[in-house]
Amino acid sequence: MTGFRQIAAVLAVVVGIGGSALAQSSAGQAAAAATKTDQPQAGAQAPPQKPGQKPDPKPEQKPPAKPEDPQFKENVVVSASKTEQQIVDAAATMTVIGQKELSVAPTNNYADLLRAVPGVNITQISARDVNVNTRGATSSLATAQLAVVDGRSIYQDFFGFTMWEFMPSNLDEIKRIEVIRGPASAVWGANALNGVVNVITKSPREMLGTSVTFGAGSMNREVNDNNADSASIFYVRGTHAQAFNDRWSYKLSLGTYVSDAFARPTGVIPNGGTTSYPNYKNDGTQQPKVDVRVDYDFADPSKKLQFAAGVAGTDGMMHTGIGPFDISSGAKMGYWRGTYTKNALKVQAFMNMLDGDAKNVVSVDPTGKPVGLTFSTKTFDFEIGDTHVAGGKHVLTYGGNLRLNQFHLTIAPGEDSRTEGGAYIQDEYMVSSKFRLVAGARVDKFSSIDNAVFSPRLAAVIKPKPDQSIRVAYNRAFRAPSMVNNNLNTTIATPLPLGLINPAFGSAIFLVPTTAVGNPDLTEEYVDAFETAYTANVRGRMNVSAAFFYTNYHDGIYFTETAQWVTPPPGFPGLGPFPPAAIWAGLRAQGIVFPSNYTYENLGTVKSKGIEFGVDGALSKNVAGFATYTYQAEPIPEFDNKTPEEALAEINLPSTHQFTLGANATTDRFFGTLAVNRQTRAFWQDVLDARYHGYTPANTSVNLTVGAKWQDGRYSVALKTTNLLNKTIQQHIFGDVMKRLVMVEFKMSPR
């Protein structure tokens, strides 16, 4: 409890400072101004006024841009330091996906939306299973990427991963998506190990009226001449927003997304072995969702109050280290959130509640029944944060949170609750108009870890011009072991047809047991990250970014084989004069081995480095272009008691090269986008045992949107196609096959 007393003391100081800042609203206003560049945003325009919308303050008058001089606005972000600032001033490398990009995106899938972000690795393994990781290989359960919606985490603490279907499904509701490309625990705390995806939605007043979207289409499922029918996909979404008066407004959103199962790979797994892909019934997904948000605007325009609540359902395949689970229909996550802001002060509380059942479609227990999974979790989080100016040169940002988790998980019965808390402070010292220093740190304490965890941040930002910056930075970030990492306790059995050994066995099958247990002695995994980056907004027409990163990943938590069946398992039969031990030895001599035990272990270090480039800007009045490139060198693992080759076989390897090239166009009547994504091969070892590990080949996807709109944009129709050339793309060695997807979308928007 000593650690929690320390956290409580820091939180008390934070709350006290926050109270002092409330009494100094002018300081809060100065903070917002101090964190922005001295130069106005290029091309910034006041949004059109809607009925019931409060008038915005009169914007600063700027000289009008020449018609032939297209403007491209420099983004204002909040994710890097949890306070408003221009992206060129941010202490972390960031990418922003704005409303224009969202409106012409060829897909509603977050995997495809984020794929063009430099340094971000994406795998979609099934119709519902999406995994995201930054500056490192992703996996079947990616655990290092924090994802939040309006400040509410959707990271699932019990398993340590993100269920991306609980993100907003209506892209028209999203104001922007901010992606921190690199560790961010210094302000975001645990689980922001490799980065943060922060989705910021529009307020009711920003989308007054009613919008409705219908989409329907299909994905090709022909693989190896299987003559399979196409997978059908359908979605419908609606949002109604209304302002009752100049104080109260609300937004109601509902919809559903339905997809058949994607194609499964067939034949022998392409890893040089003789193991075939398991033959199981794949499943699609159904994802209904309802959200409501109510805003109250005080007479004092610096103060706002938000209430939000909703429930979302899901089902379909969830891939794990012990094989894919089929989440049963009826699984759902409900939430509520309340947020109060005054200038930079933010006080927020939220609760997430997840319930569902699933069964494994590959792994069975020793009795031959599918391994089952029942999960029921509740997460309550309280957070406070603020920013103020000290001495005219220091911008202080500080805050903290307290989180309570309750768990019920049938495959990990050893723990039913967990408490965690943390507090942070950051000082952005503006030495001059061309140079600033950022120093900050956060302290977190988990009931499951003996010691408090310290996450520092240091950055020097050089600004040769107001719209350019060169940043040199160091960050440390961490992830605490999940409840499953600590408490997994299950036994799975691999069916061994004895007739393959000798026909005399007939159709008999022996179940080879493997015990998978958690490790209560795990410590946190953490990364030390060094970065040099350049960010610029060139003449108001183009955003440019370049970054070199080097990371040293310590004590990574890996699901690791710890023993094999050297002698036959109990009950293994003999045959005539051949005893069980002799038959088993014959299997091993042929290279057929079976693990007897798995657990989670902290394994050594992994060193990684890479380079990222990104450019997006206005090519003409109606056309914008974008290009990204990422180089990720092969990681260098150093694990105790393992050779370099053995250590390399314990980790996934990302694509060495990834690039995206594209353009989008918008006129009064037509819109469209064309993008090409290319990534080289990647290695996967995170599902089942070595028989199922291997490389996925390089792949290229061409994505296209073409659409038309009428009645001043109130109605639109679009043809959206991903993988236009119908290539066979497998993003994980065990995952589904993605082929051409064609969707037709009709949208009605408010005037």
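Within the stretch 173-189, the set of residues being within 14 Å of the chain's Cα centre (by Cα), open to solvent by less than 10 Å² (accessible area, probe 1.4 Å) and not β-branched (Val, Ile, Thr) comprises 178, 181, 182, 184. Please state which one of 340, 335 is surrounded by fewer than 19 Cβ atoms within 10 Å (Cβ to Cβ), aromatic (Phe, Trp, Tyr), modelled with pLDDT of 95 or more and more than 22 Å from residue 280 (Cα to Cα). Of 340, 335, the one residue that is surrounded by fewer than 19 Cβ atoms within 10 Å (Cβ to Cβ), aromatic (Phe, Trp, Tyr), modelled with pLDDT of 95 or more and more than 22 Å from residue 280 (Cα to Cα) is 340. Once the stretch 361-383 is narrowed to residues that are among the polar types (S, T, N, Q) and within 23 Å of the chain's Cα centre (by Cα), the residue that is nearest to residue 277 (Cα to Cα) is 376.
Just so you know, in the stretch 720-737 the residues that are open to solvent by 20 Å² or more (accessible area, probe 1.4 Å) and not polar (S, T, N, Q) include one that is nearest to residue 321 (Cα to Cα), and it is 727. Determine, yes or no, whether residue 253 is of a type in the set (Ser, Thr, Tyr), over 30 Å from residue 593 (Cβ atoms) and touching a helix residue (DSSP H, G or I) at 6+ places or on another chain (Cβ under 8 Å). Against the criterion (of a type in the set (Ser, Thr, Tyr), over 30 Å from residue 593 (Cβ atoms) and touching a helix residue (DSSP H, G or I) at 6+ places or on another chain (Cβ under 8 Å)), residue 253 qualifies. Based on this model, can you work out whether residue 669 counts as of a type in the set (Lys, Arg) and within 28 Å of residue 139 (Cα to Cα)? So residue 669 fails the test. Any residue in the stretch 506-518 that is of a type in the set (Phe, Trp, Tyr), at pLDDT 95 or above and either touching a strand residue (DSSP E or B) at 6+ places or on another chain (Cβ under 9 Å) or closer than 30 Å to residue 143 by Cα (or both)? There is no residue in the stretch 506-518 that is of a type in the set (Phe, Trp, Tyr), at pLDDT 95 or above and either touching a strand residue (DSSP E or B) at 6+ places or on another chain (Cβ under 9 Å) or closer than 30 Å to residue 143 by Cα (or both).
Filtering the stretch 428-447 to residues that are closer than 24 Å to residue 407 by Cα and over 24 Å from the mean Cα position of the chain (by Cα) leaves only 447. Of everything in the stretch 675-699 that is crowded, with 19+ Cβ neighbours inside 10 Å and hydroxyl-bearing (Ser, Thr, Tyr), the residue that is nearest to the chain's Cα centre (by Cα) is 696. Which residues, counting only those in the stretch 375-421, are part of a strand (DSSP E or B), farther than 15 Å from residue 156 by Cα and in contact with a Ser or Thr (Cβ under 6 Å, 6 or more places away or on another chain)? Answer for the stretch 375-421, where residues must be part of a strand (DSSP E or B), farther than 15 Å from residue 156 by Cα and in contact with a Ser or Thr (Cβ under 6 Å, 6 or more places away or on another chain): 387, 395, 397. Looking across the stretch 247-269, the residues that are open to solvent by 20 Å² or more (accessible area, probe 1.4 Å), among the hydroxyl-bearing types (Ser, Thr, Tyr) and either modelled with pLDDT of 95 or more or within 25 Å of residue 749 (Cβ to Cβ) (or both) come down to 250, 256, 257. Here the condition is being of a type in the set (A, V, I, L, M), in contact with a Leu (Cβ under 8 Å, 6 or more places away or on another chain) and at negative phi; of 371, 395, 364, it holds for 364 alone. Checking residue 450 against (1) open to solvent by 10 Å² or more (accessible area, probe 1.4 Å); (2) closer than 23 Å to residue 191 by Cα; (3) in contact with a strand residue (DSSP E or B) (Cβ under 6 Å, 6 or more places away or on another chain), only one condition comes out false. Which one? Answer for residue 450: the failing condition is (3). Taking the listed residues 313, 334, the one that is touching a strand residue (DSSP E or B) at 6+ places or on another chain (Cβ under 6 Å), within 30 Å of residue 228 (Cβ to Cβ) and in a strand (DSSP E or B) is 313, with no other qualifying. What do you reckon, is residue 199 out of contact with any helix residue (DSSP H, G or I) (no Cβ under 7 Å at 6 or more places or on another chain), in contact (Cβ under 8 Å) with a residue 60 or more places away in the chain and either surrounded by 24 or more Cβ atoms within 10 Å (Cβ to Cβ) or not acidic (Asp, Glu) (or both)? For residue 199, the condition - out of contact with any helix residue (DSSP H, G or I) (no Cβ under 7 Å at 6 or more places or on another chain), in contact (Cβ under 8 Å) with a residue 60 or more places away in the chain and either surrounded by 24 or more Cβ atoms within 10 Å (Cβ to Cβ) or not acidic (Asp, Glu) (or both) - is not met. Just name the residue that is nearest to residue 262 (Cα to Cα) out of those in the stretch 293-310 that are in a strand (DSSP E or B) and open to solvent by 60 Å² or more (accessible area, probe 1.4 Å). Top of the filtered list is 307.
Among the residues of this structure, residue 320 counts as one that is crowded, with 16+ Cβ neighbours inside 10 Å and either of a type in the set (S, T, N, Q) or under 30 Å from residue 494 (Cβ atoms) (or both). Against the list (1) over 23 Å from residue 434 (Cα atoms); (2) modelled with pLDDT of 95 or more; (3) open to solvent by less than 50 Å² (accessible area, probe 1.4 Å); (4) in contact with a helix residue (DSSP H, G or I) (Cβ under 8 Å, 6 or more places away or on another chain), the condition residue 527 fails is (4). The listed residues are 461, 443, 472, 484, and the only one of them that is part of a strand (DSSP E or B) and out of contact with any helix residue (DSSP H, G or I) (no Cβ under 8 Å at 6 or more places or on another chain) turns out to be 472.
If we scan the stretch 495-505, do we find a residue that is open to solvent by less than 20 Å² (accessible area, probe 1.4 Å) and either at pLDDT 95 or above or under 26 Å from the mean Cα position of the chain (by Cα) (or both)? No, because not a single residue in the stretch 495-505 is open to solvent by less than 20 Å² (accessible area, probe 1.4 Å) and either at pLDDT 95 or above or under 26 Å from the mean Cα position of the chain (by Cα) (or both). Which is surrounded by fewer than 18 Cβ atoms within 10 Å (Cβ to Cβ) and within 29 Å of residue 205 (Cβ to Cβ), of 706, 717? Step by step, each of 706, 717 is checked, and only 717 is surrounded by fewer than 18 Cβ atoms within 10 Å (Cβ to Cβ) and within 29 Å of residue 205 (Cβ to Cβ).
Scan the stretch 227-281 for residues that are aliphatic (A, V, I, L, M) and either in contact (Cβ under 8 Å) with a residue 12 or more places away in the chain or touching a Cys at 6+ places or on another chain (Cβ under 7 Å) (or both) and jot them down. Steps first, answer last, please.
Of all residues in the stretch 227-281, those aliphatic (A, V, I, L, M) come to 228, 231, 233, 236, 241, 243, 252, 254, 258, 261, 263, 268-269.
Of everything in the stretch 227-281, those that are aliphatic (A, V, I, L, M) and either in contact (Cβ under 8 Å) with a residue 12 or more places away in the chain or touching a Cys at 6+ places or on another chain (Cβ under 7 Å) (or both) turn out to be 228, 231, 233, 236, 241, 243, 252, 254, 258, 261, 263, 269.
Scanning the stretch 393-427 for residues that are among the hydroxyl-bearing types (Ser, Thr, Tyr), under 25 Å from the mean Cα position of the chain (by Cα) and farther than 25 Å from residue 184 by Cα yields one hit, 417. The residue that is nearest to residue 287 (Cα to Cα), among those in the stretch 100-121 that are surrounded by fewer than 24 Cβ atoms within 10 Å (Cβ to Cβ) and among the hydrophobic types (A, V, I, L, M, F, W, C), is 111.
The values are calculated or read from the model by the stated rules, or taken from the named source; none is laboratory data. Just so it is clear, the model here is predicted, and its values are computed rather than measured. Every residue, glycine among them, receives a Cβ derived from its backbone with ideal geometry; neighbour counts consider all protein chains shown. With ligands, DNA and RNA removed, areas are computed over all heavy atoms of the protein, side chains included. Shrake-Rupley method; radii C 1.70, N 1.55, O 1.52, S 1.80 Å.
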